[in-house]
Amino acid sequence: MARRTFVSLVLLLFLTSQTPVLSWKKDEFRNCNQTPFCKRARSREPGSCSLIADEVKISEGDLTAKLSPKNPSDGQFKPLILSLSIYQDGVMRLKIDEDQSLNPPKTRFQVPDVIVSEFESKKLYLQRLTKETIDGDVGPSSVVYLSDGYEAVLRHDPFEVYVRSQGGNSRVLSLNSHGLFDFEQLGEKNEGEEWEERFKGHTDTRPYGPQSISFDVSFYDSDFVYGIPEHATSLALKPTRGPNVEESEPYRLFNLDVFEYIHDSPFGLYGSIPFMISHGKLGKTSGFFWLNAAEMQIDVLGDGWNAESGILLPSKQSRIDTFWMSEAGIVDTFFFVGPGPKDVVKQYTSVTGMPAMPQYFSIAYHQCRWNYRDEEDVEQVDSKFDEHDIPYDVLWLDIEHTDGKKYFTWDKSLFPHPEEMQRKLAAKGRHMVTIVDPHIKRDDSYWLHKEATEKGYYVKDATKKDYDGWCWPGSSSYLDMVNPEIRSWWGTKFSYENYAGSTPSLYIWNDMNEPSVFNGPEVSMPRDALHLGHIEHRELHNAYGYYFHMATSDGLVKRENGKDRPFVLSRAFFAGSQRYGAVWTGDNTAEWDQLRVSVPMILTLGLTGMSFSGADVGGFFGNPETELLVRWYQLGAYYPFFRAHAHHDTKRREPWLFGERNTALIREAIHVRYTFLPYFYTLFREANTTGVPVARPLWMEFPSDEMTHTNDEAFMVGNALLVQGIFKERAKHALVYLPGKESWYDIRTGTAAKGGVSHKLEVSEEYVPAFQRAGTIIPRRDRFRRSSTQMVNDPYTLVVALNSSKAAEGELYVDDGKSFDFLRGAFIHRRFVFSNGQLKSINLAPTAPGKTQFSSECIIERIILLGHGLSKSALIEPANRKAEIELGPLRLQVGGSPSVLTIRKPGVRISDDWTIKIL
């Protein structure tokens, strides 16, 4: 939900007027030239860093050093403290900060609560360092072990840090190779100094003066870089500086409520994750993460950007140079050596945490609108889904359901019986989500505001008064969520006692949590606002929504005494947000280009830990033409998070409002999602244990295939499904590249298509192209129900797609879909392996005495064999009985479905070991 146009002259009318929707205005937001730290950093020349490393030693298991100016006469600059730490699995951490023994005016902010405690236990305590003279250097460099095959090098003069292959000169990642490192130290204002910054009538007092940090990072054996969400742009990041690069802004990381954002832009949106991944023709991958929550600007430097600098770097390796700039904070960076794409994502999530395991219902279809008017509207929408045989799991309520925009309340005239309303949905296995935003209405009769004020829980302005800004309720204040005491207090507000009218089937949506402040600079909170411990908002801005998401998620866990997994959707996010729930790509528009850009946006989120993400199906703004809406449903059915949503000024667009034919097409798209729910849930468990995302770029599965490296119109769902979107109206054909040497099977026809080539396919209005990879096995559920909850006892179908060796494998993960018992071993996890003419079910779940048990009587009712020659029967062991093999429909309940080889009613349970031999 986006802000409406905010003009100071209409403040008094704000609560009663319905202002019109207007396009995003670029001049409401700062560009680099209007952002002094960015402008200063971009003006620096390569080689301008004069720092050298001295006093290098091993201290408490770290390599430590001081960074001082090479010219001792530069007395204005105080030495910095450097520490380099090594962790298991190929992770290196580099920290650089001011020397606290020299009494800086304040302690610079280090982002807490992002690095998971398990990561610290993986630290390797260095015992020794090796001194080595690098070719051309006057002095030595210090070398330490990183992991098998890799070493970390601290070059003393000139100062540089890099990772290389062990015993060689092949680099992986480096920092300050181009001498662009700069660290502005905190100051105390002298008389006459002008530290204030002004933008659009707002003044930032900047009490500690300039405090920005910038440096260059180079990725070797690299042809492309990805990551650093959130931007509506291509998956492979485009150069922003250099020869033949059109004038461009850097990629901005600054969480903002961006009204009706445009595609193909480096402008920052609602969330920020300063994590970049590189990949190249050799199939090698590496990553770099800067744990810093201040505004950041990042340049991707085109070839030849430094041609006149005189700095020569190793030329035998392809390389991409980048330039990182932040307004505040410290250097707290992580180097990930890979070497494969999945390795890098695993290394990153070992630092920031694995994605949460969602409840089963939450990965099904969600129906949302700003706003469903009242209880009668809710009941009618719900019944229409049943009338039209369209499943859904969650119905959402936006801000209008509250009493005057006061969260944890209900408009008693529109929603007089909220508990009964939720119970009616729950009777069909359905759930409800209500919105709870961070702005608290400044109303003395509002219990939440009164309590927060009395406890002193609000963010302060620069004069240390409770900050007062404007948002949906009008005058609002914002809780200081960086304070753990306040987060804990907030969590108690989700109890049934405090949140009157809530029930166990109610979950939460956090919007506007960038935070959005309509009358603030750039529609945000002033940078000189104050948090716990006098931390300026500039230092933690990008993490504010993260803390709000965390506190809400923890509150739902508290509500059920730790027995129920939470579901919380957040618009703002930061590194680590994956631990607390889902995100979406914000206020998109009903345009074909926005449908297309949704794919790289979701893939980028997955690469940076945020597996559970999606885009508003149909576009939040505007009225989609029917073809666009249908195509969006067909693609959105494969998003990890699948929700339709719309602005209140748009026409109603529930699936049955576009004629019988289009209703049928949308119904079929939603049915596809429900069919694949077992596969999606299995993938979410993989993400939960490894960090590897549900939706993946093609190059993650095919890292050496150059044709995949810039493809962001198609994507993989897990390792087995490839989906190609249709992004043009009235398209007659689609060009689909199928990577690899093995075949791919059309999921609609079972027809095999050759891998390693592009196929020009005729486009059907009925579906977007999707293929199952040869050599994989996908579990499905083919019965159609009202909701995923009602599918819990349904049988399974296994689709076995054989490769050229007549082999395939896949997995199925099942638990109760709701509780945390899976953490205590209460789950079924099977691997299915087909080889040598037989299919085996193998247990992957650990067996241990005393573990919590989970059982299921669900059976497999069909096994579809794609790429297998004709056979008549199969022998099932250990039952020692036969099952018939015959031609059956590829998809149940779909008219005209092609016939494929099918083992009918094998009758084996998903929880058991068994073997099926083809006779």
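Could we say that V757 is farther than 20 Å from V717 by Cβ, modelled with pLDDT of 95 or more, open to solvent by 80 Å² or more (accessible area, probe 1.4 Å) and β-branched (V, I, T) here?
No; evaluated as a whole, the condition is false for this residue.
Which numbered condition in (1) farther than 22 Å from L901 by Cβ; (2) charged (D, E, K, R); (3) in contact (Cβ under 8 Å) with a residue 60 or more places away in the chain; (4) open to solvent by less than 60 Å² (accessible area, probe 1.4 Å) is the only one that E861 fails?
(1)
Would you confirm whether any residue within the range 764-775 is surrounded by fewer than 20 Cβ atoms within 10 Å (Cβ to Cβ) and free of Cβ contacts under 8 Å to residues at least 12 places away in the same chain?
yes
Can you tell me which residue among F854, F832 is crowded, with 18+ Cβ neighbours inside 10 Å, of a type outside the set (G, A, S) and under 29 Å from L556 (Cβ atoms)?
F854
Within the range 542-549, identify whether any single residue is farther than 19 Å from S488 by Cβ and outside any helix (DSSP H, G or I), and answer yes or no.
Looking for residues that are farther than 19 Å from S488 by Cβ and outside any helix (DSSP H, G or I), one finds none in the range 542-549, hence no.
Any residue in the range 394-416 that's at positive phi and touching a residue at least 24 places away in the same chain (Cβ under 8 Å): show its pairings with residues that are outside any loop (DSSP other than H, G, I, E, B) and of a type in the set (V, I, T) at Cβ separation under 7 Å, as long as the two are six or more apart or on different chains.
K405/I399
If you scan the range 47-61, which residues turn out to be crowded, with 19+ Cβ neighbours inside 10 Å and either of a type in the set (D, E) or not in a strand (DSSP E or B) (or both)?
C49, the sole residue that qualifies.
Run down S272, S265 and say which single residue is within 25 Å of E28 (Cα to Cα), open to solvent by 10 Å² or more (accessible area, probe 1.4 Å) and among the polar types (S, T, N, Q).
S265 is the lone residue from the list that is within 25 Å of E28 (Cα to Cα), open to solvent by 10 Å² or more (accessible area, probe 1.4 Å) and among the polar types (S, T, N, Q).
Quick grid of which residues meet (1) modelled with pLDDT of 95 or more; (2) not aliphatic (A, V, I, L, M):
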{"site": "V225", "(1), (2)": "yes, no"}
{"site": "E230", "(1), (2)": "yes, yes"}
{"site": "S234", "(1), (2)": "yes, yes"}
{"site": "N244", "(1), (2)": "no, yes"}
{"site": "E247", "(1), (2)": "no, yes"}
{"site": "P250", "(1), (2)": "yes, yes"}
{"site": "F254", "(1), (2)": "yes, yes"}
{"site": "F259", "(1), (2)": "no, yes"}
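Identify, please: which residue in the range 871-893 is open to solvent by 40 Å² or more (accessible area, probe 1.4 Å) and modelled with pLDDT under 90 and is, among those, farthest from S841 (Cα to Cα)?
It comes out as Q893.
Filter the range 411-469 down to residues that are in a loop (DSSP other than H, G, I, E, B), of a type in the set (K, R) and open to solvent by 60 Å² or more (accessible area, probe 1.4 Å) and give me whichever is nearest to W490 (Cα to Cα).
So, considering only residues that are in a loop (DSSP other than H, G, I, E, B), of a type in the set (K, R) and open to solvent by 60 Å² or more (accessible area, probe 1.4 Å), the one nearest to W490 (Cα to Cα) is R442.
Go through (1) without any contact (Cβ under 8 Å) to a residue 60 or more places away in the chain; (2) closer than 25 Å to G691 by Cα and name the single condition V568 misses.
Evaluating V568 over (1) without any contact (Cβ under 8 Å) to a residue 60 or more places away in the chain; (2) closer than 25 Å to G691 by Cα leaves (1) as the failure.
Taking the options G149, G167, G139, name whichever one is open to solvent by 40 Å² or more (accessible area, probe 1.4 Å) and at pLDDT below 95.
None of the other options fit; the residue is G167.
Name the pairs: first residue in the range 823-851 and over 19 Å from V799 (Cβ atoms) and of a type outside the set (S, T, Y), second residue open to solvent by 70 Å² or more (accessible area, probe 1.4 Å) and part of a strand (DSSP E or B), Cβ to Cβ under 6 Å, at least 6 apart or on different chains?
Close Cβ pairs (under 6 Å, with a partner that is open to solvent by 70 Å² or more (accessible area, probe 1.4 Å) and part of a strand (DSSP E or B)) amount to L844/R831.
For the range 278-301, how many residues meet the condition of being among the small types (G, A, S), open to solvent by less than 10 Å² (accessible area, probe 1.4 Å) and either farther than 28 Å from S577 by Cβ or over 18 Å from the mean Cα position of the chain (by Cα) (or both)? Write out each step before concluding.
So in the range 278-301, the residues among the small types (G, A, S) come out as 278, 280, 283, 286-287, 293-294.
Among the residues that remain, those that are also open to solvent by less than 10 Å² (accessible area, probe 1.4 Å) are: 278, 280, 286-287, 293-294.
Going one step further and asking which of them are either farther than 28 Å from S577 by Cβ or over 18 Å from the mean Cα position of the chain (by Cα) (or both), we end up with 280, 286, 294.
The number of residues fulfilling the criteria is 3.
Based on what the data block shows, is F827 within 17 Å of A687 (Cα to Cα), surrounded by fewer than 18 Cβ atoms within 10 Å (Cβ to Cβ) and not aliphatic (A, V, I, L, M)?
In short, no.
Please determine, by comparing only the residues of the range 378-398 that are touching a Lys or Arg at 6+ places or on another chain (Cβ under 9 Å) and more than 23 Å from P504 (Cβ to Cβ), which one is most open to solvent (accessible area, probe 1.4 Å).
D389
Identify the residue in the range 113-131 that is within 30 Å of L540 (Cα to Cα), touching a residue at least 12 places away in the same chain (Cβ under 8 Å) and open to solvent by less than 90 Å² (accessible area, probe 1.4 Å) and, among all such residues, is nearest to the chain's Cα centre (by Cα). Reasoning before the result, please.
Our first condition is that a residue be within 30 Å of L540 (Cα to Cα); within the range 113-131, this holds for 113-124.
Those still in the list that are touching a residue at least 12 places away in the same chain (Cβ under 8 Å) too: 113-116, 118-119, 122-124.
This time we only want the ones that are open to solvent by less than 90 Å² (accessible area, probe 1.4 Å), so: 113-116, 119, 122-124.
On the way: D113: 18, V114: 15, I115: 16, V116: 17, F119: 20, K122: 25, K123: 26, L124: 29 Å.
Ranking the qualifying residues of the range 113-131, first place goes to V114.
Could you please tell me which pairs satisfy a Cβ distance under 8 Å, a separation of 6+ or placement on different chains, a first residue in the range 674-697 that is assigned to a helix (DSSP H, G or I), and a second residue that is modelled with pLDDT under 95?
Y674/F784; T675/R891
Considering only the range 550-565, state which residues are in a loop (DSSP other than H, G, I, E, B) and in contact (Cβ under 8 Å) with a residue 60 or more places away in the chain.
Once the filter is applied, which keeps residues that are in a loop (DSSP other than H, G, I, E, B) and in contact (Cβ under 8 Å) with a residue 60 or more places away in the chain, the range 550-565 yields G562, K563, D564, R565.
Six or more apart or on different chains, Cβ atoms under 9 Å: show the pairs whose first residue is in the range 515-529 and touching a residue at least 24 places away in the same chain (Cβ under 8 Å) and in a loop (DSSP other than H, G, I, E, B) and whose second is open to solvent by less than 10 Å² (accessible area, probe 1.4 Å) and aromatic (F, W, Y).
P515/Y478; P515/Y544; P515/F548; V517/Y478; F518/W472; M525/Y478; M525/Y544; A529/Y478
Which of the residues that make up the range 76-112 are among the polar types (S, T, N, Q), over 28 Å from the mean Cα position of the chain (by Cα) and part of a loop (DSSP other than H, G, I, E, B)?
Q76, N103, T107
In this structure, does E497 turn out to be among the acidic types (D, E) and surrounded by fewer than 23 Cβ atoms within 10 Å (Cβ to Cβ)?
It is true that E497 is among the acidic types (D, E) and surrounded by fewer than 23 Cβ atoms within 10 Å (Cβ to Cβ).
Here is a check on your reading of the model: is S476 out of contact with any Leu (no Cβ under 7 Å at 6 or more places or on another chain), modelled with pLDDT of 95 or more, surrounded by 18 or more Cβ atoms within 10 Å (Cβ to Cβ) and outside any loop (DSSP other than H, G, I, E, B)?
The answer is yes for S476.
All but one of (1) under 17 Å from A152 (Cα atoms); (2) of a type in the set (V, I, T); (3) open to solvent by 40 Å² or more (accessible area, probe 1.4 Å) hold for I134, so report the exception by its number.
So the condition that I134 fails would be (3).
Out of the residues in the range 172-223 meeting the condition of being closer than 18 Å to R40 by Cα and of a type in the set (K, R), tell me which one is most open to solvent (accessible area, probe 1.4 Å).
This residue is R198.
The values are calculated or read from the model by the stated rules, or taken from the named source; none is laboratory data. Keep in mind the model is a prediction, meaning the values are calculated, not measured. Glycine also receives a Cβ, built like all others from the backbone with ideal geometry; neighbour counts cover every protein chain displayed. In case anyone asks, the SASA skips ligands and DNA or RNA and just uses the protein heavy atoms, side chains included. Shrake-Rupley method; radii C 1.70, N 1.55, O 1.52, S 1.80 Å.
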